[in-house]
Structure formats: structure tokens, C-alpha cells
1. Using 7 Å Cα-to-Cβ label points, what is the SER280/TYR234 separation (nm, one decimal)?
2. Where the convex hull is taken over the Cα atoms of region 169-226, what is its projected area averaged over directions, in nm²?
3. Pairs to check: LYS305/LYS398; LYS165/LYS285; LYS165/LYS218; LYS59/LYS218. Give those whose C-alpha atoms are more than 27 Å from each other in this structure.
4. Show me the ranking of peptides 234-247, 212-225, 297-310, 373-386 by mean Cβ neighbours inside 10 Å, starting with the highest.
Amino acid sequence: MKFLRTASTNRLLAVLAVLVVIVAGGSAIAVAASGSGPVPKPRSLASALHAALSARAVKGISANVTFTNNLIDASNIQGSDPLLQGGTGRLWLGEDRLRLELQSTNGDAQIVLDGRSFWVSDPAQRVVYSGTLPAGLAGQSQKATKQEGVPTIATIQSDLNKLVKHLNLSGAIPGDVAGQATYTVRLTPQHDGGLLGAAEVAWDAVRGVPLRVAVYAKGNTTPVLELAATGISYGSIPASTFNVYPPAGSKVVKISTAAIGSAHNKAGRHAHRAEVSGVSAVAAKLPFKLAAPSTLIALPRQSVKLLDWGGKPAALVTYGKGLGAVAVIEQTAAAYSAPSSSSQSSSGDHTGFSLPTVSINGATGTELDTALGTMVRFSRGGISYTVIGSVPPVAAEKAARKL
């Protein structure tokens, strides 16, 4: 986790965008809008999901893809970066192997996963991130599915009945994507969803492979995130397809996942340890004065918890419930320096992405404004404050000024 605390703004944003693609690409291929292909017969959502879970696994997937990223205003992005602005390319998915390639005028961004080893290239920054996935996390979901078996339609329907208490579900909508018969489900928050409007998932009605993943901001009919395939085929992928190497001359940044694996393996053994929570208990453990007002932008305080941030105590204070909640992270500011008055981030990046500065009661901070939420970070009196929430910038700034 040290990398996430010390990475420059541009590189961190790039990696976050890449992780979104990895999650979507590893379990699904988003596809373009319905065309003139075959359409499956109407079915209940529970029945369509049961058929997808029962389908025989495919040997491999090859697709032309388009990655759409409208999270950040284009005016804050310099040049062409397929990770921050989106791009077109190819995706290959085999057993324990993945390759995603996106093209842009600045070069090709690639994500390659071979077993547990992975590397991600950012052409705009000429940086390659590489690492190894924790052994304890690989393939566990597949093993669990084999052990538990495919749930019955009745069981799936029971789970859906519980889900609709929190989300609105459209049901299984018949359609076609990239020439394949599909079912699509649209999910929308039932209560306070913050800036999130909806999410859509489409999957192959015959093979059960998820074929579309899209996320929408509230009041917007255009996805802010989508991975789309304009063409797709199923079958074994030649091993040579995955025999690619990072671009020569790129700076290599090693990403350590040891802490993740260690935490995962020790979770069960240390589950009995009570967490430190509550205003008084957490305040007593901190080397600085805790700021935890009872309300923040009209949201009641929900919890105060002690964090271990790189071996140093920090605090997490949450306000409100659901996706519309606001979180505040407080920590010592030893590794945080205030940004300059320019629009560039304090990390030293001068290309690719710029963060605007914001004044918080005389302290200069940075603000990341996206279609799905806002993050404001500033330092004052040796303490670093990070305010995160699926709220507009004006709300995040107002919350920061109350700390």
C-alpha cells in the first residue's frame, strides 16, 4: 500500500482507471449498443441468471473493444491518454491469462495478466507498473462456486427479493450486443445514491459471459465508464498472443501486493480482535487532535474508526449512509506537502493531468472533481485531511471547511 500513498496524482489516476478496466475485463467484456443480431426469448431475471451460471465455460475470448472514460472533465487532461480519456483496442482472455491493448496518439496502453504476474503500461507517462497477485486470492471464487454448486432459480429469486429493498432492478431485458443474443439488467439506487445514476450489465444469453458493463452519473444518459466490444469471438487463444513485453525505455514501478495477501490470510486468525471505534477511543490513540463534528453538511456522524496508515495511526470518520455518505480521513501530514498556486498537482507531474487548487480556511489544497464524486485534500497544523464523497465539489469543499 506504500505505492498508493506516494504515487503522483497522474500515475495514481492512471492506475485507478486501469484497475477499473482490469475488473471489467477480467470478468466481463462491455459491448456496444444492440444491433440487428439475434434476440433471446423473454425470461425472468432469476431464470436468466440461473442459465448464465449453468452455462459451459468458454475456452477463450477475443474482441475489438472501446473503453470510454468520462469521469474527468477533458479540460483537465493534457494530450491523449487512453487510460484517462478512453480509447479503442483489442482484448484477449484465456485461462488465467488476459491482455488488453488500448491505442492513442501517445502510444498503446496495455494490461497483461499471466497467471499471478501482471504489468500495466501508461504510454503518456512512459511508465510500467508490474507486480504479482497474492497467492491466497487467485481462483477462490471459482473454487467456491464449484463447491457450492449453481443455486436454484428459487434461491436466486430469494436473493433478488432482498436486493430490491435497496436497488431498483429492471429485470432481464432481451437484446443483442456485438451479434450475440443478450440479457441486460439496469440497477438504480433506491435511496440516496449520491452522484451515481445507474449501472447496466449485459451478458451472453447462451454462454453466460457478461458482455456489457456501464456506469452512469445521475441525470446523464451517456455512460461515464464503459468497456465496449464492437466484435467478439469465442475459442482458444494462441499462447503467442500473450507473449508481449513492456515497452523498452519505460520506467518500471513495482507494485507490492504482499500486504494485501498478508491481510487476507490473517483476517480469519485476527477476526476476534476488536477494532478501536468511537470518538473518545480513537482520539486517545491519535498523536493529533481529532476533528469529528456531530454533523457535516447536514449529514449525521455515523462512525469513527482507527486506521493503521503505513504503521501510523489515522482516523476514518463517516457521515450519512449509503452511496451519498461522506468520508473524512485524518492523518499526520509528514508525507504531504501543500500544492503550489498553479493548477498542477503537488506531486511533480507536469503532463497528462492537472488538479485545480482550492482554499480551505486559508490552507491550500487540491480537488479532484469527477462525474461520480469529489475528493478534497488539504493540510493544516501538521494534519492532513482528505474528504471523499459522491457529492458535488461545492458540498465537498463546504465539508472540508467545517473540519
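1. For the pair SER280/TYR234, the computed spacing is 6.1 nm.
2. Projected area, direction-averaged: 4.1 nm².
3. Over 27 Å apart, Cα to Cα: LYS165/LYS285; LYS59/LYS218.
4. Most protected by this proxy first, the peptides run 373-386, 212-225, 297-310, 234-247.
None of the figures in this text is laboratory data; all of them are computed from the coordinates on show. The structure displayed is predicted, hence computed values, not measured ones. Methodologically, a virtual Cβ is constructed for each residue, glycine included, from the backbone with ideal geometry; neighbour enumeration extends over all protein chains shown.
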